[in-house]
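Enquirer: Pasting a structure below so you can have a look.
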Amino acid sequence: MNLPLRRVFPPILLPTFVAVVDGTIITAALPAMASEFGDVERVSWVVASYLVASTVAAPVYGRLGDALGRRRMLLLALALFVTASVLCALAHSLLTLVGARILQGFGGGGLMVLSQAVLAENVARHQLGRAQGFMAAVIVASSTFGPVAGGALTQAFGWPSVFLVNLPLGLLAMVLLVRLPGREGSGERGKFDWPGLFLFAGSVVPFLMALEQLQRVEPATLLGIGMSLVCLVLLGGVDSYRSHRTMAAMVTTAA
């Protein structure tokens, strides 16, 4: 489906914008959160929990988007992201805020992945390079804009405002996205690579947790890095084994 770039870009721009901004806008609000909840040492988990959840969720959205339709899954990711943003703003403790941020990360993990996929399936091939250039500019501008906007919102309205700002932006993105034609998914309910997903999560989660605690070199930090390396080696071994089996099956079939 080849649509004009001016029609495709706005519905894709907003999900990308909120996904990138949400990763940086929160940093300016961390001191206010630490002051309210009184837990300075653990307030960094507000950032780390979102990063971990979105990283783990991204490959799942890619597979579900192929099967169920990318625009449909992008709408679902946006709805989850907006709902979790409201829960973050209403959090009454650091624990509930971190839990809401994990839920928000599960939504945000699909925004970047599916936005790129929806853009690619609606834009003509000769315009794709130009569209990707626009997307890169939006990502750079969003990451720069986030801390400035977070500081201004926190000072004027308090830290919950950095989450509530996602509500109008997310709803507007959903309205624009509904008006964009979407392709149906393949409908194939193929076997999902659960071992690969668990090994991927097992390599990413301990590594990010270890990085978050890197300022305090403790046995738990070293253990997290070690678990991450073990899972990475296992993931590489499983992938190599599957590739070898596929090549062997192809050779046997050809023979």
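Enquirer: Taking the options 19, 48, 77, 32, name whichever one is under 23 Å from residue 145 (Cβ atoms), in a helix (DSSP H, G or I), open to solvent by 20 Å² or more (accessible area, probe 1.4 Å) and of a type outside the set (Ser, Thr, Tyr).
Expert: 32
Enquirer: If I go through segment 1-19 residue by residue, how many of them are at pLDDT below 85 and among the β-branched types (Val, Ile, Thr)?
Expert: 2
Enquirer: Within segment 35-45, count every residue that is surrounded by fewer than 21 Cβ atoms within 10 Å (Cβ to Cβ) and either under 29 Å from residue 117 (Cβ atoms) or touching a residue at least 40 places away in the same chain (Cβ under 8 Å) (or both).
Expert: 6
Enquirer: Pairs under 6 Å by beta carbon, first residue over 14 Å from residue 108 (Cβ atoms) in segment 84-96, partner part of a helix (DSSP H, G or I), six or more apart or different chains?
Expert: From segment 84-96, the pairs are 89/163; 89/164; 91/97; 91/100; 94/37.
Enquirer: Another question, if that's okay. Answer yes or no: is there a residue in segment 137-146 that is crowded, with 20+ Cβ neighbours inside 10 Å and in contact (Cβ under 8 Å) with a residue 40 or more places away in the chain.
Expert: Yes - at least one qualifying residue is present in segment 137-146.
The values are calculated or read from the model by the stated rules, or taken from the named source; none is laboratory data. Predicted model only: the values in this text are computed from it and were never measured. With ideal geometry, Cβ positions are generated from the backbone for all residues, glycine too; neighbour counts draw on all protein chains shown. Surface accessibility is based on the protein's heavy atoms, side chains included, excluding ligands, DNA and RNA. Shrake-Rupley method; radii C 1.70, N 1.55, O 1.52, S 1.80 Å.
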